[in-house]
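As structure tokens, the structure follows; a few thoughts come after it.
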Protein chains: 2
Amino acid sequence: MSNAAATQRIAERFYELCSAGKFDDAMQELYADDARHVEVMEMPGSPYKRITAGKPELLRMSEHWNRTTTVHSSWVGRPLVNDDQFLIEFKMEVTASEGPMAGQRMPLAEHALYTVKNGRISEARFFYSCEK
Amino acid sequence: MSNAAATQRIAERFYELCSAGKFDDAMQELYADDARHVEVMEMPGSPYKRITAGKPELLRMSEHWNRTTTVHSSWVGRPLVNDDQFLIEFKMEVTASEGPMAGQRMPLAEHALYTVKNGRISEARFFYSCEK
């Protein structure tokens with residue numbers, strides 16, 4: 001199977017799970033054990049660094065997000081594949097119960113660039129506006 | 001200067017030129033001599049390969065595009081920076097005078113992921129839907 005075909009398969013399954021709100025299942029099923037998330041910067045008020053590595057640590061981060069974030073609505077764009085990478089757009093309306101934005105309903109919009117290696121997602125790199 | 005700050009500077013200038021329709025100037029000014037474009041696939045009817053390398057070759061490709069494409073409208077999204085990369089969304093309405101879509105006015109939408117090295121753009125990788 002070509003890189004692009006293998007990436008497409010992972011991207012489709014990832015999209016299917018995320019569209020159904022099953023973000024943790026997507027991570028559990030499709031992430032490599034040493035997968036990493038690369039944020040733009042360290043979030044103010046967050047216990048997490050810019051780069052978080054390892055599926056167990058990423059699942060803990062997700063658990064923390066689930067515990068402290070109410071998701072009012074979410075939208076996931078179709079994955080766009082180029083070779084070993086795919087790009088997905090996410091839009092959400094959320095209210096966090098912790099941190100500097102606690103209690104404020106706010107829109108989130110980001111693009112996530114996923115890299116696939118050996119049939120698993122090895123990296124997610126996030127792109128979003130940091131302007132106020 | 002941090003990677004992110006250097007990338008932000010290039011991204012802002014690139015955005016400024018592209019928003020003014022000066023795509024060739026952006027390439028001339030900001031691309032490394034050995035910069036490369038990585039498309040999703042070889043375009044049907046195009047003389048170009050999936051990967052085109054070298055600024056002179058990229059400028060020739062752009063010249064060919066300019067000669068054979070009428071751009072009716074274009075929109076460029078704000079660049080989103082993460083470390084040494086930035087992501088930009090492009091939307092256009094075009095009519096090509098050559099190739100399988102010749103004479104048909106059509107929308108184009110793509111995201112381009114740029115990598116910056118030593119203060120110049122070293123790679124552009126494109127993401128777009130290949131579905132009909």
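Each value in this text was obtained by applying a stated rule to the coordinates, not by laboratory testing. What you are looking at is a predicted structure, and each value in this text was computed from that prediction instead of being measured. Quick reminder, even Gly has a Cβ in these numbers, built from the backbone with ideal geometry, and neighbours come from all protein chains shown.
Using the alpha-carbon centroid of each, what span in Å lies between region A:92-132 and region B:1-54?
About 26 Å separates the Cα centre of region A:92-132 from the one of region B:1-54.
With label points built 7 Å along Cα→Cβ from the Cα atoms of B:ASP34 and A:ASP24, find their separation and express it in nm.
4.7 nm
Would you be so kind as to identify which of A:SER46, A:PRO79, A:ALA11 lies farthest towards the positive end of the dipole of region A:1-97, taking Lys and Arg as +1 and Asp and Glu as -1 on Cβ and the Cα centre as origin?
Farthest along the dipole direction, towards plus: A:SER46.
Treating only the Cβ atoms of Lys and Arg (+1) and Asp and Glu (-1) as charged, compute the dipole magnitude of the protein assembly as shown about its Cα centre; round to the nearest 20 debye. Present the calculation step by step, with values, prior to reporting the outcome.
Details: 32 positive and 38 negative charges, 21 e Å.
With only Lys, Arg, Asp and Glu charged at Cβ, the dipole is about 100 debye.
Taking the Cβ of A:PHE126 as the center, what net charge do the other residues with Cβ under 15 Å away carry, scoring Lys and Arg +1 and Asp and Glu -1?
-2
Between their Cα atoms, which of A:LYS49/A:LYS117; A:LYS91/A:LYS117; A:LYS22/A:LYS91 are more than 19 Å away from each other?
A:LYS49/A:LYS117; A:LYS91/A:LYS117
Treat every Asp and Glu Cβ in chain B as -1 and every Lys and Arg Cβ as +1, leave all other atoms uncharged, and give the resulting dipole magnitude about the Cα centre to the nearest 20 debye.
Values: 16 positive and 19 negative charges, 16 e Å.
Using only the charged Cβ atoms, the result is roughly 80 debye.
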